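The values are calculated or read from the model by the stated rules, or taken from the named source; none is laboratory data. Please read these numbers as outputs of a predicted model, since none were measured by experiment. Here Cβ is always computed from backbone atoms with ideal geometry, including for glycine, and neighbour counts include all displayed protein chains. Keep in mind that these areas ignore ligands, DNA and RNA; they rest on the heavy atoms of the full protein, side chains included. Shrake-Rupley method; radii C 1.70, N 1.55, O 1.52, S 1.80 Å.
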Amino acid sequence: MKTLSVTKSIPVVGRYDVVVCGGGPSGWVAAVAAAREGKKTALIERFGFLGGATTAGYVIPISGFFKKGVRKVGGIAWEYIERLSAAGGAQVEYPRGHVSVDIEYCKLEVQRMVTEAGVDIYSNSYISGAVRDGRRVSAVYFENKNGTEALEGDYFIDATGDGDLLAAAGIPTTVEEHPQPLSYCFELSGVDVTTPLLRDYIHHDGKVPASEVGVLHEFLKEKHIAGEAPLFGGPWFNTELNGDRLAVNVTRDPASVLDNRAYGAAERKMREDIFRIVELWRENFPEFKNAVVSSTAANAGVREGRHIVGVYRLTGDDVLNTVRFPDTVALTTHIVDIHRTDGGEQRIINFDEAGHIPYRSMISPDCDNVIAAGRMICADEIAHATLRVQACVMAIGEAAGRAAALCVTEGTPVQQLDTAALRNDLIRNGAVL
Ligand SMILES: Cc1cc2nc3c(=O)[nH]c(=O)nc-3n(C[C@H](O)[C@H](O)[C@H](O)COP(=O)(O)OP(=O)(O)OC[C@H]3O[C@@H](n4cnc5c(N)ncnc54)[C@H](O)[C@@H]3O)c2cc1C
């Protein structure tokens, strides 16, 4: 392929103790944690709002706070749920502990918490590169309407979900041969949720929170086999707390987010799929007679991108056998939930005790000042398929933020961090470990 070499001077618009890349559930929590530890913190996000898959991808409910009715995630993540609930933007469903939320309240509450903590937000800014000096990253740069801008930092957290900072800085990553598929979520209005078909499945009204609606699954399966419906998963429905909107997760595509053209084509195809599926429901189920697609998410939801090659690779066996680590910094409670790329089915594994997530799965042996947070930590297919849910990635984010802050204070490489001190910090701030 023909290539171009371009040399340009990039203005350095700030210098920070901690620079967090990506404002999803793990990233915004990491930024709040670092800032509350008194560190000068920046948060860079490509969208004009924070919240990641929750707000950009319409991925609700927020799952993973509870195991057998006992809360296993605390700290900033739980404070967020309490603040959302007080504002009327969240409702916890016991005993499973899914949290139904209103997406617009999430955007507002996240930006309030981040701003109150004193974090500088660089929004509408797409991270496109990093400067590496030996074993350290010294700056990250990003594109926005000002042009290309850079931030220097002492420590960086990659919370882009897809490991964009790691890739830009040449820090080793892996990609699963078959990453979990994409799903493009959307909202429906005008659905009658009071009839038995939907009533028991709708999250915050129902007895069976967020379950797949079996009748609609069988219907789509038949239509798919007959060539009349596209590839699908679920469907899963969640009511937004306010208004009559229903968030729907039903589309599915095996494309990788790491292939720009394939990802774009998948989004366009899934938009067609959304309208085709809704048309089929409208024609065949009275509940959907007046249904309209009221909005689609900002982008197609990504379950899996790059993973950091960490000091330790967390395995499914570790999680399922409740292996405890001296450097456990977060717990994972959600079922192992692997969506297949070649069909609408799922592989589910239940486990009884919360799994442990070690700090060593968040750091590279090759780089001294970068920490990974969220779904991109070093984990095999099974471990990733439980820890990727939002409560857990927020807990990982808090660990990343407090770890970076401790590293700033001590001036240590991330590999030499005193993990006992980190755990104490986390527990003091409400984490469940
Ligand atoms: C379809 C689907 C259904 C799901 N269902 C549930 C569910 O029911 N319950 C649940 O709890 N979890 C669910 N999940 C999982 C969960 O939403 C994600 O795993 C979680 O949001 C991951 O958080 P994160 O912070 O690691 O990454 P993300 O949420 O992906 O956030 C990454 C952030 O970084 C930003 N970013 C990325 N690249 C760049 C860049 N180059 N420059 C600047 N910013 C960048 C993004 O805009 C985003 O804000 C689902 C996920 C999907 C895709």
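Numbers at a glance
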{"read-out": "Heavy atoms of TYR80: accessible area, 1.4 Å probe, square angstrom to 10", "value": "10 Å²"}
{"read-out": "Surface share of carbon and sulfur [accessible, 1.4 angstrom probe, percent] for the chain", "value": "48 percent"}
{"read-out": "R0 of 41 Å, Cβ-Cβ distance ILE335-ARG135: FRET efficiency to nearest 0.05", "value": "0.60"}
{"read-out": "Estimated FRET transfer efficiency when R0 is 60 angstrom, pair ASP366-GLU283 (beta carbons, to 0.05)", "value": "0.60"}
{"read-out": "Rounded D (µm²/s) - the chain, Kirkwood Rh over Cα pairs, Stokes-Einstein at 20 °C, 1.002 mPa s", "value": "98 µm²/s"}
{"read-out": "Neighbourhood net charge (14 Å Cβ-Cβ; Lys/Arg +1, Asp/Glu -1) for VAL408", "value": "-2"}
{"read-out": "Anisotropy class of region 366-432 from Cα gyration tensor, a/c 1.5 cut", "value": "oblate"}
{"read-out": "Contour excess over end-to-end distance, with Cα ends at ASN260 and VAL70 and 0.36 nm allotted per residue", "value": "64.3 nm"}
{"read-out": "Cross-link reach list, lysines versus LYS289, counting only Cα pairs under 20 Å and skipping chain neighbours closer than eight places", "value": "LYS223"}
{"read-out": "Highest average packing first - 185-192, 262-269, 28-35, Cβ atoms within 10 Å", "value": "28-35, 185-192, 262-269"}
{"read-out": "Average accessible surface area per residue within the chain, 1.4 Å rolling probe, Å²", "value": "39 Å²"}
{"read-out": "The chain: calculated mean residue ellipticity at 222 nm from DSSP helix runs of at least 4, using -39500 (n - 2.57)", "value": "-9000 deg cm²/dmol"}
{"read-out": "Whole-Å distance, taken between Cα centres, linking region 346-411 and region 7-76", "value": "13 Å"}
{"read-out": "Relative contact order [Cα under 8 Å, 6+ residues apart], the chain, whole percent", "value": "22 percent"}
